[in-house]
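*Asks:* Once you've had a glance at the structure underneath, I'll fire off some questions.
The values are calculated or read from the model by the stated rules, or taken from the named source; none is laboratory data. Here the structure is a predicted model, which means the values were calculated and not measured. Glycine gets a Cβ as well: all are built from the backbone with ideal geometry, and neighbour counts include every protein chain shown.
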Amino acid sequence: MQQYLNHDLGFDQVRWATLSRTSYDSRQSFQGKPQKTLLPAGTRLFRLLRLAVGTYFEAVWWIPEQVFRELHDSAQRAEHGGGRLFRNYVAESLALPGSNTQLCAVEIELKKPVYAWVGRSAALFGRPGGVNQVFLPNLADRGAPLSSTNARVVRTYWLRF
């Protein structure tokens, strides 16, 4: 049986794997227990970021393509749609703090299957949550935050405001 990224890990072993200086329990960001899921090669994941600086694979929180497209399309259909509204939709839906400094987006594609934890976002920070989000630790190659054996950057772009 082939071993994929995070194959031997349980959520309790990775739930504290965040990038912040003071770690937090990622379990609180989900409604219920997230499901360990094998994401196939070719899966596209997204995230918003402050600037496109190249250290994308160190991130643990990702937006599934379907959720990203739905939020993006909804913002574009709005009379006053655009980057700011899209960023607000993402902040409302995902269990992460909102930020008005998120100016860019990155899209990655998995080159190999990987295990990640997928579940509905919790209602945190006074926001409703309720959409699928992906918790994917260990994506960066050890000691090389700019590269990943398991994923590649498809593109980065600025949000239009």
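*Asks:* For residues in the stretch 114-161 being without any contact (Cβ under 8 Å) to a residue 40 or more places away in the chain and among the charged types (D, E, K, R), which is surrounded by the most Cβ atoms within 10 Å (Cβ to Cβ)?
*Replies:* Step by step, filter the stretch 114-161, then rank; the result is Arg127.
*Asks:* Can you name the residue in the stretch 86-117 that is modelled with pLDDT of 80 or more, in contact with a strand residue (DSSP E or B) (Cβ under 6 Å, 6 or more places away or on another chain) and among the small types (Gly, Ala, Ser) and, of all such residues, is farthest from Trp158 (Cα to Cα)?
*Replies:* Ala116
*Asks:* Scan the stretch 32-63 for residues that are in a loop (DSSP other than H, G, I, E, B) and among the β-branched types (Val, Ile, Thr) and jot them down.
*Replies:* Thr43, Val53, Thr55, Val60
*Asks:* Something else: Would you pick out the residues in the stretch 110-161 that are at positive phi and of a type in the set (S, T, N, Q)?
*Replies:* Matches in the stretch 110-161: Asn138 only.
*Asks:* Quick one: which residue in Gly83, Gly54 is out of contact with any Phe, Trp or Tyr (no Cβ under 8 Å at 6 or more places or on another chain) and either within 22 Å of Leu103 (Cβ to Cβ) or in contact (Cβ under 8 Å) with a residue 40 or more places away in the chain (or both)?
*Replies:* Gly54
*Asks:* Okay, moving on. If you go through the stretch 112-141, how many residues are among the charged types (D, E, K, R), assigned to a loop (DSSP other than H, G, I, E, B) and more than 21 Å from Lys36 (Cβ to Cβ)?
*Replies:* Residues flagged as among the charged types (D, E, K, R), assigned to a loop (DSSP other than H, G, I, E, B) and more than 21 Å from Lys36 (Cβ to Cβ) within the stretch 112-141 amount to 1.
So that you can scan it fast, the table gives a plain yes or no per residue for (1) surrounded by fewer than 18 Cβ atoms within 10 Å (Cβ to Cβ); (2) more than 14 Å from the chain's Cα centre (by Cα); (3) more than 22 Å from Phe30 (Cβ to Cβ):
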| position | (1), (2), (3) |
| --- | --- |
| Glu65 | yes, no, no |
| Arg69 | yes, no, no |
| Arg77 | yes, yes, yes |
| Gly81 | yes, yes, yes |
| Arg84 | yes, yes, yes |
| Ser93 | no, no, no |
| Ile108 | no, no, no |
| Lys112 | yes, yes, yes |
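*Asks:* Sticking with this one: Please find, within the stretch 1-34, the residue that is nearest to Tyr115 (Cα to Cα) out of those that are modelled with pLDDT of 90 or more and within 15 Å of the chain's Cα centre (by Cα).
*Replies:* Going through the qualifying residues, I end up with Pro34.
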